[in-house]
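The values are calculated or read from the model by the stated rules, or taken from the named source; none is laboratory data. All figures in this text were calculated on a predicted structure; none of them were measured in a lab. FYI the Cβ positions are ideal-geometry reconstructions off the backbone, even for glycines, and counts take in every protein chain you see.
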Amino acid sequence: MTEPKKIQGSHYSLAELRALLTYFYPHRFRMLIAFVMMMTLTGLMVSRPVILRSIIDNVTGPKDQELMLFHAALFVGILVLAMCISYWQSMMMARVGLEIVSLIKTNLFSRVLKLSLHFFNSHKVGWLISRVEGDTEQLRNFCSHLTLRIVADICLFFGVLGIMVTTDPGVAVRVMPMMIFLMILILACSKKISEYFNQARSRYAELSGSLAEYLQAIFLIQLYDRKSQVLSELQKKSLARMDAENRASLFSNAFWGFFLFMTEGVLIAILVGYGVHQVQSSLMSLGTLVMMLEFSRQMAQPLHAIGENFHALQKSAVSASRVFKILNEKTEEELIETSETKEAPALLSLGFDNVSFAYSSDKPVLKGISFDLLKGSRTALVGASGSGKSTTIQLLCRYFEPASGRILLNGENYSEFSISSCRKKIGLVLQDIFLFPGSVLDNIRVLDESISEEKVLKALDQIGATYLVQKLPMGIRTELTERGSNLSMGERQLLSFARALCMEPELLILDEATASMDTYTERVLQRALETLLRDRTSVIIAHRLSTIRSADQILVFEQGEIVERGNHESLMSLDGKYSELIKMQTSVAVSSPLRAIA
Ligand SMILES: Nc1ncnc2c1ncn2[C@@H]1O[C@H](COP(=O)(O)OP(=O)(O)OP(=O)(O)O)[C@@H](O)[C@H]1O
Ligand SMILES: [Mg+2]
């Protein structure tokens, strides 16, 4: 079985960047207009020093008042026009950026929802959220500003250079070596600055990650009074982050300070030295000298901007790469290479035929498992922790596919049917009950509005849990807080039973809760369980003796193999692993008599 590669790190590949470009394609006309605007803006910027030259060279006395006014009006007019164009251009690109990113986000959501459990096993949810949020935001920045900004900066640089060379090659010869030197310096130092900022960012991620984990375990920290240890751990991480942040800003400020000194100081001094000599020898007008000085500053600007944006550009490339790697991840259907749309038939029998499975290739978890579940029968899976019971269930639900062997539905290979039609047959009640923010009603019918409120109420009544919703302030429409934390463990169990009952599954799979409840809740749960299981094909990872006893078939798991099978009596008379397990259970039940209710 192929395992998905982890999508991490800070590298990027051209293939993913190329994939990003396809998202730009539908917006090409707007981008073209924005580009033309950007070029016009660049042209307007370049025209300002030319007007300045004209003022200095042509407005020489009081008689030129009119000319002066004309130039001033031209100057202001250009400024206003530039502002308007800049406004429209950035609005347009901001929209394009938003549209592209919301499409990427939608695609990302829909892909993530279809990914296999393999992916979620190897990537933390927090990490995934930061990809969906952080990386797509970075892409928005890239799509709306960075791309055109960089193209415009490059155009401005070469445009100004062209005018300088044609106006006075002597100036260009003096400016160019300095520009080339600065360009090389920027490329070298931006890489270093970017590295420092990346370091600061990853330390920040480390700090906020630890903080989140500690807060989740706050009851543990308070119980064992580890507040000072946690505080010092957080302080250490915070200091490390501050150090990295300091180093990054120190280096970046020192570098840009030096850059400013070179462009505003040294370069201007060289130009003034050369220009004054030219003006004195009447080889250059004073206006041209001023224009050249302005141009040399304008040339430095795009260099500065490219250097400044280098970090953002690199971040965008890494973000794009990570986002597109997720978009290219195989969905569960693609992973098992099935495009089956055949509906699974009504369940008569479901069986494992010599099934083996491993989460990672080096450690087999299930080894040659075979069993049959017949319609209407109850099967209990028992065995030590880590023996493969939950894994068997995951395979039944088709979260994973067997590495070898087959799962057979009515004698036909499970993989010949569509995954969703197989899952529709199954009701799953896990130990770790999953509730989401929303009303009790929505939680029971899992957002499926075709299941009526009456049906939900009936299910609650059948399992004897009506009292539960009656005591809630808004009854069945009461909103649950995060993960149902306003309900007790037993209440959550009852809701999950009601949920399973509403779905009317052909096969009910249940991972029985191990935690003991109070006498009353335990009785209610027992009764609810019986209602749930009545006349239904079921597979139960059983802990309660009563559930195990009532099973038609008991499978005893040990290290990924079924070592014993049969009903309670036959297995007890075998006096093997099962009877050992039951004896252990009964001795534990002495201190918790409820576990043994028969
Ligand atoms: N998502 C996973 N990725 C890798 N290994 C896993 C994963 N889930 C379980 N395992 C490993 O597979 C083996 C069987 O686990 P499984 O959860 O099936 O045991 P179990 O019988 O259900 O145990 P328990 O009674 O404690 O729930 C264990 O060794 C476990 O470490
Ligand atoms: Mg388990």
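With the structure loaded, tell me whether V230 is over 28 Å from the mean Cα position of the chain (by Cα) and either under 23 Å from F255 (Cα atoms) or among the β-branched types (V, I, T) (or both) or whether it fails that test. It would help to see each step written out before you state the result.
Values: over 28 Å from the mean Cα position of the chain (by Cα): no; either under 23 Å from F255 (Cα atoms) or among the β-branched types (V, I, T) (or both): yes.
No; evaluated as a whole, the condition is false for this residue.
What are the pairs, 6+ residues apart or on separate chains, where a residue within the range 356-367 that is more than 8 Å from ligand 1 (Cβ to nearest atom) has its Cβ under 6 Å from a residue that is basic (K, R)?
From residues that are more than 8 Å from ligand 1 (Cβ to nearest atom), the pairs are S356/K367.
If only one of S102, S116 is away from ligand 1 (no atom under 16 Å from the Cβ) and of a type in the set (S, T, Y), which one is it?
Details: S116 fails: away from ligand 1 (no atom under 16 Å from the Cβ).
The conditions single out S102.
Any residue at all in the range 522-535 that is assigned to a strand (DSSP E or B) and buried (at least 16 other Cβ atoms within 10 Å of the Cβ)?
Within the range 522-535, the subset assigned to a strand (DSSP E or B) is none.
Checked against the condition, which is being assigned to a strand (DSSP E or B) and buried (at least 16 other Cβ atoms within 10 Å of the Cβ), the range 522-535 yields no hits at all.
One line per residue, one yes/no per condition, for (1) surrounded by fewer than 15 Cβ atoms within 10 Å (Cβ to Cβ); (2) in contact with a Gly (Cβ under 9 Å, 6 or more places away or on another chain):
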site	(1), (2)
T60	yes, no
M83	yes, no
W88	yes, no
G97	no, no
Q138	no, no
F142	no, yes
G159	no, yes
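Search the range 354-390 for residues being within 16 Å of ligand 2 (Cβ to nearest atom) and hydrophobic (A, V, I, L, M, F, W, C), and hand back the single one that is surrounded by the fewest Cβ atoms within 10 Å (Cβ to Cβ).
Restricting to residues being within 16 Å of ligand 2 (Cβ to nearest atom) and hydrophobic (A, V, I, L, M, F, W, C), the top hit is A384.
Please name all residue pairs, on different chains or six or more residues apart, with Cβ atoms under 7 Å, provided the first residue is in the range 169-188 and is touching a residue at least 12 places away in the same chain (Cβ under 8 Å) and the second residue is small (G, A, S).
V175/S296; I186/G307
For S418, all conditions in the list (1) under 25 Å from D535 (Cα atoms); (2) away from ligand 1 (no atom under 16 Å from the Cβ); (3) in contact with a helix residue (DSSP H, G or I) (Cβ under 9 Å, 6 or more places away or on another chain) hold save one; what is the number of the exception?
Evaluating S418 over (1) under 25 Å from D535 (Cα atoms); (2) away from ligand 1 (no atom under 16 Å from the Cβ); (3) in contact with a helix residue (DSSP H, G or I) (Cβ under 9 Å, 6 or more places away or on another chain) leaves (1) as the failure.
So which residues in the range 391-416 are of a type outside the set (S, T, Y) and within 16 Å of ligand 2 (Cβ to nearest atom), if there are any at all? Step through it out loud before you land on a result.
To start, the set of residues in the range 391-416 that are of a type outside the set (S, T, Y) comprises 393-398, 400-403, 405-413, 416.
Listed by number, the residues that qualify are I393, Q394, L395, L396, C397, F400.
Among (1) in a helix (DSSP H, G or I); (2) in contact (Cβ under 8 Å) with a residue 40 or more places away in the chain; (3) among the hydrophobic types (A, V, I, L, M, F, W, C), there is one condition L289 misses while meeting the rest; what is its number?
The number of the failed condition is (2).
Go through the range 246-286 and count every residue that is without any contact (Cβ under 8 Å) to a residue 12 or more places away in the chain and either assigned to a loop (DSSP other than H, G, I, E, B) or touching a strand residue (DSSP E or B) at 6+ places or on another chain (Cβ under 7 Å) (or both).
3
Kindly indicate whether any position in the range 560-575 is assigned to a loop (DSSP other than H, G, I, E, B) and either within 16 Å of ligand 2 (Cβ to nearest atom) or under 43 Å from the mean Cα position of the chain (by Cα) (or both).
So in the range 560-575, the residues assigned to a loop (DSSP other than H, G, I, E, B) come out as 560, 567, 575.
Subset that is either within 16 Å of ligand 2 (Cβ to nearest atom) or under 43 Å from the mean Cα position of the chain (by Cα) (or both): 560.
Yes: one or more hits.
Please indicate, with yes or no, whether at least one residue in the range 303-322 is at pLDDT 85 or above and touching a Ser or Thr at 6+ places or on another chain (Cβ under 9 Å).
No, that holds for no residue.
Go through the range 302-361 and report how many residues are assigned to a loop (DSSP other than H, G, I, E, B) and more than 30 Å from S538 (Cβ to Cβ).
Initially, the range 302-361 is screened for residues assigned to a loop (DSSP other than H, G, I, E, B), giving 329-330, 336-348, 359-361.
Restricting the remaining residues to those that are more than 30 Å from S538 (Cβ to Cβ) gives 329-330, 337, 339, 360-361.
Result for the range 302-361: 6.
For the range 241-289, name all the residues that are among the β-branched types (V, I, T) and crowded, with 18+ Cβ neighbours inside 10 Å.
So in the range 241-289, the residues among the β-branched types (V, I, T) come out as 263, 266, 268, 270, 272, 276, 279, 288.
Once the filter is applied, which keeps residues that are among the β-branched types (V, I, T) and crowded, with 18+ Cβ neighbours inside 10 Å, the range 241-289 yields T263, T288.
If I filter the range 379-404 down to residues being more than 20 Å from L508 (Cα to Cα) and within 16 Å of ligand 1 (Cβ to nearest atom), which single residue comes out as farthest from the chain's Cα centre (by Cα)?
Here is the first cut: in the range 379-404, the residues more than 20 Å from L508 (Cα to Cα) are 384-387, 402-404.
Those left that are additionally within 16 Å of ligand 1 (Cβ to nearest atom): 384-387, 402-403.
Working: A384: 35, S385: 32, G386: 30, S387: 32, P402: 28, A403: 29 Å.
Here the residue is A384.
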